[in-house]
Amino acid sequence: MNIVIIIQARMGSTRLPGKVMLPLQEQSVLSHVIQRASAVINATAVYVATSDLVADNIIAAEALKYDALTSRGSESDVLSRYYEAAVQAQADHIVRITSDCPLMDPRVVEDIIAAHLLSGADYTSNTHKRTYPRGLDVEVFTMRALKESNELADSILQREHVTPYIYQHPEQYHIEHVCHEQDFSVHRWTLDTEEDWRVIRAIYDGLHPLKPLFGWLDALHYVNAHPEISTWNEHVEQKK
């Protein structure tokens, strides 16, 4: 069974351009995401799916530097870009990770993959019944569901965000949700604004030198010990 992690990445960003190549503990944000994805023990490969724009050559080069495979396609039709990467990888199941989440936890990804396989679901995520901090988002789905989505999805929303066609059709697909027993969704650890960047840098500065692959519970303990950190981006609204 071929379980492939596909990280979507591009240099374009309306609120924080070039954010995935910002330096974080002497490496790029993207490099940290790749290294964390590579630590997921029940996945077989890591791909970076970027656009075919010249501006994203730096993304492809960074992926190569950290031993991730690359696939390039449409900048705006991210669904087709994902599908092409999955075909290239000969994937049976796809794990969707975004490159602006440098605190993604390999253990959380492993748990969601395991739940997905155990349930026989077409789509499994921790994003729709949100209990984990934003920035630990994981979606896992079958190649069949991705292929059908690529063939049938016809709205801008569905094509820009990869998975909406699947979870908008629960009558067609077996959908599972993974939740933590406690709700920590108040925390925002995704990178979309300067305020987010300040939070992520503070967490990495506090934890990475001692434990490079620190987990989300390490981050939670750290921000609880330094409560001012969470106030820096608590006003930021997720981009619609």
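Data for the structure
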| quantity | calculated |
| --- | --- |
| Count of residues meeting criterion [more than 23 Å from residue 213 (Cβ to Cβ) and either free of Cβ contacts under 8 Å to residues at least 24 places away in the same chain or open to solvent by 10 Å² or more (accessible area, probe 1.4 Å) (or both)] in the range 105-140 | 8 |
| Helices (runs of 4 or more DSSP H) wholly inside the range 136-186 that include at least 1 residues being touching a strand residue (DSSP E or B) at 6+ places or on another chain (Cβ under 8 Å) | 143-152, 164-167 |
| Residues that are in a helix (DSSP H, G or I) and more than 23 Å from residue 97 (Cβ to Cβ), drawn from the range 207-229 | 221, 224, 225, 228, 229 |
| Any hit, the range 198-206, residues being more than 30 Å from residue 231 (Cβ to Cβ) and open to solvent by 10 Å² or more (accessible area, probe 1.4 Å) | no |
| Residue among 209, 170 that alone is under 18 Å from residue 28 (Cα atoms), modelled with pLDDT of 95 or more and open to solvent by 60 Å² or more (accessible area, probe 1.4 Å) | 209 |
| Selection count where residues are hydrophobic (A, V, I, L, M, F, W, C) and crowded, with 17+ Cβ neighbours inside 10 Å, scope the range 182-197 | 3 |
| Test: residue in the range 35-56 that is open to solvent by 60 Å² or more (accessible area, probe 1.4 Å), at pLDDT 95 or above, within 26 Å of residue 152 (Cβ to Cβ) and of a type in the set (S, T, N, Q) | no |
| Subset of the range 1-29 (residues that are more than 13 Å from the chain's Cα centre (by Cα) and assigned to a helix (DSSP H, G or I)) | 19, 21 |
| Whichever residue in the range 157-167 is in contact (Cβ under 8 Å) with a residue 60 or more places away in the chain and open to solvent by 70 Å² or more (accessible area, probe 1.4 Å) and, among such residues, is farthest from residue 118 (Cα to Cα) | 160 |
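The values are calculated or read from the model by the stated rules, or taken from the named source; none is laboratory data. Quick caveat: nothing in here was measured; it's all calculated off a predicted structure. FYI the Cβ positions are ideal-geometry reconstructions off the backbone, even for glycines, and counts take in every protein chain you see. For the accessible areas, the whole protein counts, side chains as well, though only heavy atoms, and no ligand, DNA or RNA atoms are used. Shrake-Rupley method; radii C 1.70, N 1.55, O 1.52, S 1.80 Å.
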